[in-house]
Amino acid sequence: MANTIVLPCDGCGQAASTEHFARRLKRLEWTTRYRPVHISTLLLGDVLPGAEKDSVYSPNGEFSGEAAFVLQAAGISATGKTAETVHAEFQRGGFFLTHVLECPMEGESGAEFVSLLQRQLPAVLTRIRRSLKPKRLVLISGALENLQRKIVEAELGCVILLDREKPFSLDAGDGGVAARLQVALAAPVGY
């Protein structure tokens with residue numbers, strides 16, 4: 001009988017099986033392939049969507065949910081293009097998307113979700129400050145509103161774009177938010 005060892009995932013803090021880690025490594029491969037050398041705009045969401053087609057970096061070529069809203073806001077149309085072409089345009093635009101919880105939720109309750117976000121945030125802020133070093137940061141999830149003050153006070157060395165003093169809630173499924181974000185992203189990136 002084989003022993004199963006469950007460890008916390010470094011990307012989301014959830015108790016993780018070997019399958020969880022394998023899926024995480026696959027997603028990291030997709031993401032790092034299209035990470036810009038110099039990140040102009042870092043888009044920060046709360047939790048990675050569970051469906052592959054909702055992930056901007058998915059190689060399957062279907063972009064819906066969060067992926068569709070992020071691409072719309074970045075001014076990138078996926079119509080008639082391969083996934084690789086869309087990813088390359090996103091990369092050339094200096095965009096990079098990440099999440100506080102870099103893995104989909106695996107059945108945790110609302111309270112556990114909030115706790116995971118709070119626990120993972122310091123590591124994410126350190127990664128932004130030391131490794132990603134964007135010129136601007138955009139909060140794209142309404143769930144980050146409760147963490148917004150900590151993010152703003154973290155002295156990340158970049159401009160933080162907000163929607164009427166709150167995160168751009170792309171997860172609310174409101175096309176108007178994506179349109180407002182597109183206008184904000186069209187402004188020149190400050191140094």
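Restricting attention to the range 76-123, and to residues there that are part of a loop (DSSP other than H, G, I, E, B) and of a type in the set (Val, Ile, Thr), which single residue is surrounded by the most Cβ atoms within 10 Å (Cβ to Cβ)?
Here is the first cut: in the range 76-123, the ones part of a loop (DSSP other than H, G, I, E, B) are 76-82, 93-94, 102-109.
Remaining after also requiring of a type in the set (Val, Ile, Thr): 76, 79, 82.
Working: ILE76: 19, THR79: 6, THR82: 11.
In this case the residue turns out to be ILE76.
Only residues that are charged (D, E, K, R), within 13 Å of the chain's Cα centre (by Cα) and surrounded by fewer than 16 Cβ atoms within 10 Å (Cβ to Cβ) were counted in the range 21-37, giving 1.
From the list SER64, SER40, SER58, pick out the single residue that is under 14 Å from the mean Cα position of the chain (by Cα), at pLDDT 85 or above and either small (Gly, Ala, Ser) or more than 19 Å from PHE168 (Cα to Cα) (or both).
Details: SER64 fails: under 14 Å from the mean Cα position of the chain (by Cα); SER40 fails: under 14 Å from the mean Cα position of the chain (by Cα).
Only one candidate passes the filter, namely SER58.
Is it the case, given these coordinates, that GLU145 is under 27 Å from PRO188 (Cβ atoms), of a type in the set (Asp, Glu) and either assigned to a loop (DSSP other than H, G, I, E, B) or in contact with a strand residue (DSSP E or B) (Cβ under 6 Å, 6 or more places away or on another chain) (or both)?
Details: under 27 Å from PRO188 (Cβ atoms): yes; of a type in the set (Asp, Glu): yes; either assigned to a loop (DSSP other than H, G, I, E, B) or in contact with a strand residue (DSSP E or B) (Cβ under 6 Å, 6 or more places away or on another chain) (or both): yes.
Judged against the criteria, GLU145 is a match.
In this structure, does GLY45 turn out to be in a loop (DSSP other than H, G, I, E, B), closer than 12 Å to PRO104 by Cβ and of a type in the set (Gly, Ala, Ser)? Answer is no for this residue. In the range 1-37, what residues are modelled with pLDDT of 85 or more and among the hydrophobic types (A, V, I, L, M, F, W, C)? The answer is VAL37, and nothing else. Just to be sure, is ARG149 under 23 Å from GLY75 (Cβ atoms) and of a type in the set (D, E, K, R)? Answer is no for this residue. Taking every residue in the range 1-24 that is at positive phi and pairing it with any residue that is at pLDDT 80 or above and surrounded by 11 or more Cβ atoms within 10 Å (Cβ to Cβ), at least 6 positions away or on another chain, the pairs with Cβ-Cβ distances below 8 Å are GLY13/LEU101; GLY13/LEU116; GLY13/ARG119; GLY13/GLN120.
The values are calculated or read from the model by the stated rules, or taken from the named source; none is laboratory data. Just so you know, these numbers come straight off a predicted model, no measurement behind them. Neighbour counts run over all protein chains shown; Cβ positions are idealised from the backbone, glycine included.
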